[in-house]
């Protein structure tokens, strides 16, 4: 009895009350989508000078309302599955929706200042950001392979365009082309994997897949091939080694706010997808994907950290650091369980603030001639603008995992879950890899505090400064009082595990 | 609450320095350092030697989901180390040259370091301990790198931080392993001390945790970072760096390795390996000290040798040895900063730290020579001065464990007078008729004017340390008396 | 599980086999008398004037892309039309929303000059 026959025989009973109930489950996503459409209209009909500010205001309002919806639902204990199980408004989704709303707001202010200084159009960048955010949120909320894929493409397409946003800049163009090709390649892998998993399980709904696939099906070659394909595709998306080669080029070529946004946003969304698909849909063949992900994790941590050491561009350095950080987070995914998933959720939030903050610092260095993302451009930053130098130091130390900053606590949660899950060897590799990472994070710090001939004070940029300051303060506060987010992470982790039958 | 103030006050001082003008920075830093010294003395006065368990406890849940608590407490082991930390920071602040570049940053890093180390001595929770343990690396890194007084500060700083991080990140695995494998699901030290995993697990955890502590001490053969780091460090920082941070490793051994992992046996017994490494360290440090020409390196390697005694005492696994180790930690924390200060003052007056060039300084700086003599004698363990007490107790403990270990350590004790007295004699005196050689003669003449003795302010800095050497040598009871008041149960109870 | 796909494999083998056979046979058995006009690319009987591989203005691509986007969206109307009766009013509203979004896109393209040739 498949869906087509059902539709042909009887009228679908879908009363308005259920329609509203379903809509309320995706309220944050719907809000953002509406905001985006309104913004597109505004961009089309308003006179040119007013487009940028108005679109920014609409975007900001949409993000605030989306956050409010998500937070309200969160306070009421979270939502439930909607649209016949295709999406959900559970706490896991809400956690990411709130996180992405905050990220979106930070991106707005940074983009605003950036386009002003570079002389680029403003409105479209905000619209693209909103579109990507819709995709990210939908990805976190998707509970069917179909919605997962649609959300993934929504987010990817918006980012392909955003990467090439600096149109006169050939590196930006090159990055966009590269990203498009590799992204399409990865999507093909994901789609193929989904098709195979569907073939093996007979459903696209993750809970149904979980029920259909029992542990003794681990020898089913179709299923295993599907899992491998999915793992490869997902690894592309989180830029895990050996599928990471596109990352440094794309991060370097994309305009700074886009890099900042996608380096944390895509990663968070992709991890939401991995946890959702692997953790709840394919929980019964966890041994199989754990091995695959462990391989990717080890390689990411080693390759990412080693390659970052020799970079001269901070953007590339952070790209490689992001590869390695993805490896750490995979450790948490592999560990699984409530603690493991909560640790990944916590680390993602931490990563958003640390990494975005670091990129936002670079935004302040932008001027009409372009971006200044070489390590040498940072030389003496601590003396040219002391607060900025201190904050950059905070971000680097936090990424390196020094207490009392949030990066340390995040790593502690990840490693704790992994040791408890019996993955001690993986943790040992992770800590040794993070020793390597200290070398290049401190290299950035070294440049920041090396006196330079350039003594001119930097032009003030209120927007990025606010984002940097907020990120820095959060990196410290969450390091000292981690329970603020940890509780949310544990709550957010629960629905995935319930779905997986733990 | 007072314990929170003890570590938070210097940290706040570091923050406050960002808001004061550079000219007043030294004064503000001194105020904060003195205030925290007063706080620690208040703790010391209020300390009850008869009480068992932590005193002035503060226990607040920090991450309740994972059994982490913000648990501070002071006991007989940590009490005097806490005071030492505060005292040395005061001295370091006063020893800071007025012409120090980027003064505010330097002082705030010093205070931050004090705060982190105080927190480390106070922590009664394993994860909290680890947070402070890692936290103190940050100011230390910046102090070595940005304020290096000679040589390649960046290289030394990176070497220091990579060395220590290899250890301490593995220690994080150890900390987590302790939490998982004891089945206790708690990081409380007192609780963990009564819940031991099986010896095989202990063996692994001992390695993970012990490596970090051994690197920090540093125990032979993990001392590679020390000559570089000590060599480039500015003297005021060395006062707390060599004086206190080296002790944190030994303190961690005594506080964590001994009570939490009493039977680390699988392929071999770690408890039997450590004393051997300690004795090797005593020898190696002494021999390397003999071979050095740079005065600073002589002191640095003598520190390696002395730390060997401390570790030997700790792993003698009996009361005399371990108490001796604590006493020796304090003594070493008093003597080594004094030596570094004196070497720095000599170098400031002569323009060199090369032992083979310096000669016959005594007539030109008689008071400095006198002070140097007392400190030298204290360092080589003359009875009546403080170091003798600690070394004696340590050797007594070692004898009970293995007589041949004590004998071997005594041979190391003989090497100490050789390198210390050779240094003192060579620098301060000259054989009759001996002259400074060649072009260095000129340099020496020009820089060391007729009389370039110690200044009043320098004297004010060093005299408290010298008085402490004499006082503790004559009356060590002050230190040993509160020691049996332990916060956590030990395998060997202290009486 | 895999055996379920056996008919598909057999079908594929037959297709490849038959088509391959036909092409091979026609090549082997048919008379082959090539001359110039026979070898020219077939363009509905018109004689080609220049090579087919030449550069087109990028505007063609833009137009083509816009066409494809709206074309693909239009595909959704077909399944919708089939089940409209079952979906009842909800389906109508959904489709109105969908068309509304498409309209916004059209307005945007129009205002941004995407429909102008120059």
Item to complete: Quickly work out the residue C:90-to-residue C:109 label distance, labels modelled 7 Å from Cα along the C-beta direction, and quote it in nm with one decimal.
Response: 3.1
Worksheet item: Going by average Cβ neighbours within 10 Å, how do the peptides B:55-63, B:230-238 rank, with the highest at the top?
Response: B:230-238, B:55-63
Worksheet item: For A:440, B:490, C:11, what's the fewest-to-most ordering of other Cβ within 10 Å of each Cβ?
Response: C:11, B:490, A:440
Discussion item. Taking the Cα of residue B:455, stepping 7 Å toward and past its beta carbon, and measuring to each backbone N in segment B:347-376: which are under 16 Å?
Written reply: B:347-351, B:368
Worksheet item: Which shape class, rounded, prolate or oblate, goes with segment A:353-469 when its Cα gyration tensor gives a ≥ b ≥ c as root eigenvalues, a/c under 1.5 marks rounded, and past that a/b bigger than b/c marks prolate?
Response: prolate
Worksheet item: When you look at the Cβ of every residue in A:461-471, what mean number of other chain Cβ atoms sits within 10 Å?
Response: 0
Worksheet item: Where does the Debye-calculated log10 I(q)/I(0) of the protein assembly as shown sit at q = 0.06, 0.09 Å⁻¹, using only Cα point scatterers of equal weight, no solvent?
Response: -0.56, -1.05
Discussion item. Whole angstrom only: what separates the Cα centroid of segment A:285-348 from the Cα centroid of segment A:188-231?
Written reply: 24
Discussion item. Taking the beta-carbon count within 10 Å as an exposure proxy, list A:206, B:79, B:382, A:292 from fewest neighbours to most.
Written reply: B:382, A:292, B:79, A:206
Item to complete: Quick one: grab the alpha carbon gyration tensor of segment B:1-99, order the square roots of its eigenvalues as a ≥ b ≥ c, and give me rounded if a/c is under 1.5, else prolate or oblate depending on whether a/b is larger than b/c.
Response: oblate
Worksheet, complete the sentence: Partner shielding of B:125-131, taken as the mean number of other chain Cβ atoms within 10 Å, equals 2
Item to complete: Can you give me the three principal axis dimensions of segment A:188-326 from its C-alpha atoms, in Å, biggest first?
Response: 50, 26, 20
Response to the item:
Honestly segment B:46-142 on the Cα gyration tensor test (a ≥ b ≥ c root eigenvalues; a/c under 1.5 rounded, otherwise a/b vs b/c for prolate or oblate) is just oblate
Worksheet item: Counting only other chains, what is the mean number of Cβ atoms within 10 angstrom of the Cβ of each residue in peptide B:169-178?
Response: 6
Worksheet item: So what's the gap between the Cα centers of segment A:48-106 and segment C:53-90, to the nearest angstrom?
Response: 29
Worksheet item: What ranking, highest mean first, results for peptides A:432-439, A:77-84 when packing means the other Cβ atoms within 10 Å averaged over each residue?
Response: A:432-439, A:77-84
Worksheet entry | Max mean-square fluctuation residue, GNM over chain C, Cα-Cα springs under 10 Å, options C:30, C:91, C:45 | C:30
Worksheet, complete the sentence: The alpha-carbon pair-distance distribution computed for segment C:23-118, with 10 angstrom bins and whole-percent values, is 11, 23, 19, 17, 17, 12, 1
Worksheet, complete the sentence: The base-10 log of I(q)/I(0) that the Debye equation returns for segment A:23-499 at q = 0.07, 0.09, 0.11 Å⁻¹, one scatterer per C-alpha, is -0.32, -0.53, -0.82
Item to complete: Give the relative contact order (percent, whole number) for chain B; include only Cα pairs under 8 Å separated by 6+ residues.
Response: 16
Discussion item. Quick check: Cα centre of segment B:184-242 to Cα centre of segment A:462-477, how many Å?
Written reply: 35
Response to the item:
In units of 2.2 N^0.38 Å, the Cα radius of gyration of segment B:279-495 is 1.11
Discussion item. Starting from the 7 Å offset along Cα-to-Cβ, what nm value, one decimal, do you get for the label separation of residue B:467 and residue A:211?
Written reply: 8.3
Item to complete: Give the peptides A:150-158, B:335-343 in descending order of average Cβ contacts within 10 Å, highest first.
Response: B:335-343, A:150-158
Discussion item. I need B:48, B:97 ordered by Cβ neighbour count within 10 Å, fewest first.
Written reply: B:48, B:97
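Any read-out appearing in this document is the output of simple, stated calculations on the displayed coordinates, not a laboratory observation. Every value quoted in this text rests on a predicted model; they were computed, and no experiment measured them. FYI the Cβ positions are ideal-geometry reconstructions off the backbone, even for glycines, and counts take in every protein chain you see.
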